[in-house]
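Participant: Could you have a look at this structure, given as structure tokens, before my questions?
The values are calculated or read from the model by the stated rules, or taken from the named source; none is laboratory data. Just so it is clear, the structure is predicted and the values come from calculations on it, not from any experiment. Note that each Cβ is placed from the backbone with ideal geometry, even for glycine, and that neighbours are counted across all protein chains shown.
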Amino acid sequence: MRLLRTLPSPRRTRVRWSDRVPFLELVEPRLLLASFTVTSAADAGAGTLWQVIEQLDLLKDPANTVSFDIGNGPQIISLQSSLPPITVPVFIDGTSQPGYSGSPLIQIDGHTFGVQRDGLTVSPGSDGSMIRGLDIYGFKAGSGIDVQSNSNVIQDNYLGADSRGKNAEPNQTGLSIDNASSDSIGVGTVQQTAVDFSQGFGNAGSQIMTNGLATIQNNWLRLTDGGPYESRSAVATTAVDVTNFATSFEFKISGTEPMADGFTFCIQGVGPGATYSGGSGGGLGYGSDQPGAGIARSVAIKFDLYNNAGERTDSTGIYTDGATPTVPAVDLLGTGINQHSGDVFLANMSYDGQKPAVTITDTVTNKSPSQSYPIDIPQVVGNSTAYVGFTARTGFYTATQEILNWTFLTQVGRGNERRRRTASACSRRARGIPPRCRVPGAMRCTLGARHQAPRSEAAGTGANLRPQGSGAAPPRVRPGIAPRRP
């Protein structure tokens with residue numbers, strides 16, 4: 001704002017202070033973006049998601065960013081009451097949680113709700129919002145996300161699947177859109193479950209082949225049972241797509257110290273009966289000291305318990321073509337991971353076609369180191385499909401090594417390349433199309449493709465949204481509101 005303007009005098013060439021008179025001049029509006037950080041996974045109270053959304057509603061600030069800093073790794077927000085509706089434009093960025101490497105770490109759990117409630121409600125007035133990188137599940141009588149405003153972006157979320165990629169906790173509806181238009185919904189790529197032992201291995205039957213006396217005990221896959229010099233494997237009997245995938249499993253190792261030797265998660269092009277019984281315990285049922293003697297055309301991630309060649313007593317790493325899985329290795333000492341502790345560990349692995357990212361989480365201490373390895377898996381295994389499973393070995397020292405559950409998901413369903421503005425709710429009504437469209441209760445949203453409401457809606461879950469483009473479309477915003485950046 002300017003307060004003074006000079007009025008030139010016709011009789012003077014010099015301007016004096018007395019020639020200045022006050023006036024007001026309008027300048028363009030300035031907008032300061034507000035940033036909020038969620039620091040607690042509690043249901044309500046200071047630093048919680050509930051409190052942050054309530055603050056957004058009270059302040060009515062038209063441009064906000066919500067980030068997360070709740071320790072490190074996966075965090076579960078178990079709701080005891082409904083979150084407040086989102087009534088202003090906001091960018092809720094779950095990818096800001098420390099440790100994020102492609103899969104959502106912030107989980108919003110609706111299990112405790114017995115009546116119809118939604119996870120997040122994007123209410124009228126919130127046009128131009130973005131919700132990214134959240135895992136919303138367990139809302140069995142409501143929607144994971146209910147969108148009631150226009151020009152929003154919903155991207156890179158899990159809806160109806162926990163952070164391990166399981167479909168065991170669906171919402172009644174993954175995503176609902178009520179009387180809204182121009183929303184960009186990230187369903188350009190969804191994940192299909194190729195291997196599903198999310199509830200354990202009790203009903204595995206012919207879906208898995210066990211080799212070398214690996215067994216299923218008390219619903220768990222027991223690779224080794226504490227005896228010496230055991231070399232065993234268990235492999236899913238159907239080949240899966242390995243060009244782009246996510247897999248997760250929980251494991252537990254027990255025994256008397258010193259425990260040995262360890263196990264691998266193995267991707268190989270040989271077949272479901274592949275195992276290697278030769279070599280020492282350090283080969284982990286996968287590799288050998290002799291070149292070419294291990295499992296050929298393979299990639300393995302190891303979970304190693306014993307120091308055979310300088311790799312220390314807690315290590316991980318990646319190996320190919322049956323190489324001895326000793327060194328080089330990633331030493332887990334100092335990361336908070338102690339595979340000898342008897343705790344249950346969660347291993348998450350995702351592959352984007354360029355490098356697998358692996359996160360090992362102690363489910364008791366929540367310590368969660370991550371590693372990534374540049375490798376072309378299809379090239380190594382010799383095909384776009386391969387067999388997946390586990391190998392394990394003991395030597396003079398032993399351990400009981402068990403896999404508690406396991407899922408393997410492949411990427412499917414890429415949308416076409418056309419772009420078209422979503423029809424308005426009014427025009428959908430005029431053409432006899434339901435104004436409310438739904439996405440099924442269990443799915444993963446990844447890309448930002450635009451979508452049009454389906455012409456029919458199946459009972460319970462609803463027809464799929466129809467993709468009209470691909471890529472993460474920028475959020476549309478009202479005049480004067482700065483656009484959010486992914």
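Participant: From the set of residues in region 69-113 that are among the polar types (S, T, N, Q) and either in contact with a helix residue (DSSP H, G or I) (Cβ under 7 Å, 6 or more places away or on another chain) or assigned to a strand (DSSP E or B) (or both), which is nearest to GLN371 (Cα to Cα)? Steps first, please.
Facilitator: Here is the first cut: in region 69-113, the ones among the polar types (S, T, N, Q) are 72, 75, 78, 80-82, 87, 95-97, 101, 103, 107, 112.
From the residues that got through so far, the ones that are either in contact with a helix residue (DSSP H, G or I) (Cβ under 7 Å, 6 or more places away or on another chain) or assigned to a strand (DSSP E or B) (or both) too are 75, 78, 87, 107.
Details: GLN75: 19, SER78: 28, THR87: 39, GLN107: 22 Å.
Checked region 69-113; the qualifying residue nearest to GLN371 (Cα to Cα) is GLN75.
Participant: Looking only at residues in region 171-188 that are modelled with pLDDT of 75 or more and surrounded by fewer than 23 Cβ atoms within 10 Å (Cβ to Cβ), which one is farthest from PHE113 (Cα to Cα)?
Facilitator: So the residue we want is ASN179.
Participant: Being in contact (Cβ under 8 Å) with a residue 12 or more places away in the chain and assigned to a loop (DSSP other than H, G, I, E, B) is the filter here; which residues of region 305-322 pass it?
Facilitator: LEU305, TYR306, ASN308, ALA309, GLY310, GLU311, ARG312, THR313, ASP314, ASP321, GLY322
Participant: What is the residue count in region 308-331 for residues that are more than 22 Å from GLU257 (Cβ to Cβ) and of a type in the set (Ser, Thr, Tyr)?
Facilitator: Result for region 308-331: 3.
Participant: Then there is this: Answer yes if at least one residue in region 114-134 is closer than 14 Å to GLY160 by Cα, in contact with a Pro (Cβ under 6 Å, 6 or more places away or on another chain) and touching a residue at least 24 places away in the same chain (Cβ under 8 Å), and no otherwise.
Facilitator: yes
Participant: Please determine, by comparing only the residues of region 323-340 that are of a type in the set (Val, Ile, Thr) and part of a loop (DSSP other than H, G, I, E, B), which one is surrounded by the fewest Cβ atoms within 10 Å (Cβ to Cβ). Give the derivation first.
Facilitator: Here is the first cut: in region 323-340, the residues of a type in the set (Val, Ile, Thr) are 324, 326-327, 330, 335, 337.
Add one more test, that the residue is part of a loop (DSSP other than H, G, I, E, B), and what stays is 324, 326-327, 335, 337.
Working: THR324: 21, THR326: 23, VAL327: 13, THR335: 17, ILE337: 21.
The selected residue is VAL327.
Participant: Which of the residues spanning region 291-326 are farther than 18 Å from ALA274 by Cβ, at pLDDT 95 or above and among the hydrophobic types (A, V, I, L, M, F, W, C)?
Facilitator: Within region 291-326, PHE303, LEU305 qualify.
Participant: Oh, and also: Considering only residues that are at pLDDT 90 or above and closer than 23 Å to PRO124 by Cα, look in region 55-78 and name the one that is nearest to the chain's Cα centre (by Cα).
Facilitator: This residue is SER67.
Participant: Also: Residues THR95, THR112: which one is at pLDDT below 90, in the same structural domain as ASN171 (by TED's automatic domain parsing) and within 18 Å of the chain's Cα centre (by Cα)?
Facilitator: Working: THR112 fails: within 18 Å of the chain's Cα centre (by Cα).
One residue alone meets the criteria, THR95.
Participant: So how many residues does region 219-241 have that are in a strand (DSSP E or B) and of a type in the set (Gly, Ala, Ser)?
Facilitator: The qualifying residues number 4.
Participant: For region 341-385, give me each residue that is assigned to a loop (DSSP other than H, G, I, E, B), closer than 21 Å to THR193 by Cβ and in contact with a Ser or Thr (Cβ under 8 Å, 6 or more places away or on another chain).
Facilitator: Listed by number, the residues that qualify are GLY353, SER384.
Participant: Test of understanding: among ASP196, ASP225, which residue is modelled with pLDDT of 95 or more, surrounded by 16 or more Cβ atoms within 10 Å (Cβ to Cβ) and not hydrophobic (A, V, I, L, M, F, W, C)?
Facilitator: Selected residue: ASP225, the only one of ASP196, ASP225 that is modelled with pLDDT of 95 or more, surrounded by 16 or more Cβ atoms within 10 Å (Cβ to Cβ) and not hydrophobic (A, V, I, L, M, F, W, C).
Participant: Within region 88-107, how many residues are surrounded by fewer than 23 Cβ atoms within 10 Å (Cβ to Cβ) and within 23 Å of ALA141 (Cβ to Cβ)?
Facilitator: Here the count works out to 1.
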